[in-house]
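First up is the structure itself, then whatever we jot down about it.
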Amino acid sequence: MRTVAGELERVLGAGGVLSGETAPYLSDATEGRGLRGRADAVALPASTEEVASVVAWCYEHDVPIVPRGGGTGFTAGAVPLAGGIVLSLERLNAVRAFDPLLWRICVEAGVRTADVRRLARENGLLFPPDPGAAEQSQIGGNIATNAGGPHAFKYGVTGAWVTGLEAVVPPGEVVAVGGPIRKDVAGYDLRGLLVGSEGTLGVITAAWLRLLPAPEAFLPVVAAYEGVTAGCAAIERVLGNGLQAAALEYLDAGALAAAGAAFPGGLPAGVRFLVVAEADGSAGEAARLRDELAAVLGEEALELVVPRTPAEVAELWRWRDGVSIAVSAQRGGKVSEDIVVPLDRLREAVEETVAIGDRHGLEACSWGHAGDGNLHATFLVDPRDEMELERAERAAGELFELAVRLEGSVSGEHGLGWVKRGRLALQWSPAGVELHARIKQAFDPKNLLNPGKKT
Ligand SMILES: Cc1cc2nc3c(=O)[nH]c(=O)nc-3n(C[C@H](O)[C@H](O)[C@H](O)COP(=O)(O)OP(=O)(O)OC[C@H]3O[C@@H](n4cnc5c(N)ncnc54)[C@H](O)[C@@H]3O)c2cc1C
């Protein structure tokens, strides 16, 4: 009898299939919380037609399919926890069309996020979504999770920049919705359904993306506070004063304990809350807004830091991108959840995260996209300590209840994946959850696309 890998080799050729034991395809950024899957094979199709052939073969033979982008997800979405095959999009990495003068690009799903951003930048344009692992994550993965990032505060999440999608849906059909057009209200919003669907409705193979003329200047300002009350009040003042920052980020005391030592130029003693805001626009507009942000943030700040040169600005954002890794490095692992709350509940959510950690005997901290009320509420763990991991999972359960109690959401940017399975019912009515399940059924009647995720 032939194995699944052997059968897929008939479809993709020998170079298009790896053994199901190929370790890098069995985990994602949740490895530090002990999650690792098992697969029958790893498929590496090189074209949309090959993706369609793999999906058709799996559908005919009742084999689960786990689509995989860069494997940077924080919810085990790309981890084959229910077996089946991993379908990696890495070989679909062509830029199909690029029209800089029309501010648009069409890329295959496996193109890396940073490459899209670089190509746009080299042509005077901006692709605004800036999730933190951009050098590894893929556009397909960003679309499948509807990824955010610091600049989502002004520019919105990835889905806001997707005007068209090509995807393979069960039982192996290619569908194209939208395209190089800026408006389309003809049918139900299938594009919108596929965005954020975490590989449970279809395999995204290509996308048309909208771009913007790049702002001339990006001018950040950093404000340090003695505590969460002063810091959150400053964040609310930014909105209250009508200042449209491009990014409005925060770190609490625990996150600063992990990452503060590497802050460019160092931080003054006694800092227990940090706000990073950025102004963008023409050089004049950005400078004016940066000064206004500095005035508003400076009211109760212990210190303001204003990076002046492009190198200093780049160094600041490199540091910010490294916060997640610095926090993980404290104990080797973390259980980190991307809850969202209304902005006026941010202070409570930051304080409660630490209190939940205390109740479970865990070090806790948070940082994240303050302007969007989006925390990375985190418990530090030693991934070898199973008891501690169990306590952290229970603590995460309390975080989700907290988010819902504060009228927020259990996920602002990472999705539900496997780690938040079943949590939608906390936040939606039974009728809403039922409709969600019926949409899944309509796309994937055999429940073979990423089973067990996004429920
Ligand atoms: C250091 C670090 C920083 C991060 N910062 C941010 C941040 O600021 N904002 C943010 O939103 N996220 C962030 N993330 C999380 C992660 O980078 C995002 O969720 C990202 O969008 C995942 O993309 P990926 O290509 O790695 O997808 P994967 O992890 O491979 O997959 C994620 C999900 O999408 C599905 N999928 C992947 N590709 C496809 C496809 N082509 N078709 C259908 N389904 C697909 C998978 O099945 C899975 O469910 C960060 C992660 C790390 C490690």
Leading residue at positive end of dipole, the chain (Cβ point charges), from 87, 267, 361 | 87
Any idea what the relative contact order of the chain is, in percent, if you count C-alpha pairs under 8 Å spaced at least 6 apart?
-> 16
Dipole size in debye (nearest 20) for the chain around its Cα centre, Lys and Arg Cβ +1, Asp and Glu Cβ -1?
-> 760
Determine the relative contact order of the range 90-216: mean sequence separation of Cα pairs under 8 Å and six or more apart, normalised by residue count, in whole percent.
-> 30
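What are the DSSP H helices in the chain that stretch 15 Å or more along their long axis, judged by alpha-carbon atoms, and whose average Kyte-Doolittle hydropathy comes to at least 1.0? Walk me through the intermediate numbers first.
On the way: long enough: 48-60 (18 Å, 0.35); 228-240 (18 Å, 1.16); 283-298 (22 Å, 0.27); 310-321 (16 Å, -0.94); 346-359 (20 Å, -0.27); 386-405 (29 Å, -0.37); 430-443 (20 Å, 0.01).
Going by DSSP H runs, the hits are 228-240.
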So what's the gap between the Cα centers of the range 204-219 and the range 129-177, to the nearest angstrom?
-> 12
Low-density loop trypsin sites (Lys or Arg not before Pro), the range 166-264, at most 12 other Cβ within 10 Å, DSSP non-H/G/I/E/B, are 182, 183
Taking the chain and counting helices only, DSSP H stretches of n ≥ 4 at -39,500 (n - 2.57) each over all residues, the nearest-500 ellipticity at 222 nm comes to -10500 deg cm²/dmol
What is the Cα centroid distance between the range 33-84 and the range 355-415, reported in whole angstrom?
-> 28
Ordering of 153-162, 267-276 by burial proxy (mean other Cβ atoms within 10 Å per residue, highest first) | 153-162, 267-276
Loop GluC sites (Glu not before Pro), the range 1-68 (other Cβ atoms within 10 Å of the site Cβ: 15 or fewer; DSSP) = 21
Could you point to the residue in 371, 429, 419 farthest towards the positive end of the range 341-448's charge dipole, with +1 and -1 charges on the Cβ of Lys/Arg and Asp/Glu respectively?
-> 429
Dipole moment magnitude, nearest 20 debye, the range 139-270 about Cα centre, only Lys, Arg, Asp, Glu C-beta charged = 300
Could you list the trypsin sites (Lys or Arg not before Pro) in the range 1-74 that lie in coil according to DSSP, counting only those with at most 12 other Cβ atoms within 10 Å of their Cβ?
-> 2
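For the chain, what % of the accessible area comes from carbon and sulfur atoms, probe 1.4 Å? Numbers along the way, then the final one.
Numbers: 9750 of 18560 Å².
Exposed carbon and sulfur together represent 53 percent of the surface.
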Nearest-20 debye value, the range 88-197 charge dipole, Cβ charges on Lys, Arg, Asp, Glu | 280
Once amide H atoms are built 1.01 Å from N in the peptide plane, which residues 5 or more positions from residue 246, or in another chain, come under 5 Å H to H?
-> 278, 279, 280
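The values are calculated or read from the model by the stated rules, or taken from the named source; none is laboratory data. Predicted model only: the values in this text are computed from it and were never measured. So basically every Cβ, Gly included, is an ideal-geometry build from the backbone, and we count neighbours across all protein chains shown. SASA here: full protein model, heavy atoms, side chains in, ligands and nucleic acids out. Shrake-Rupley method; radii C 1.70, N 1.55, O 1.52, S 1.80 Å.
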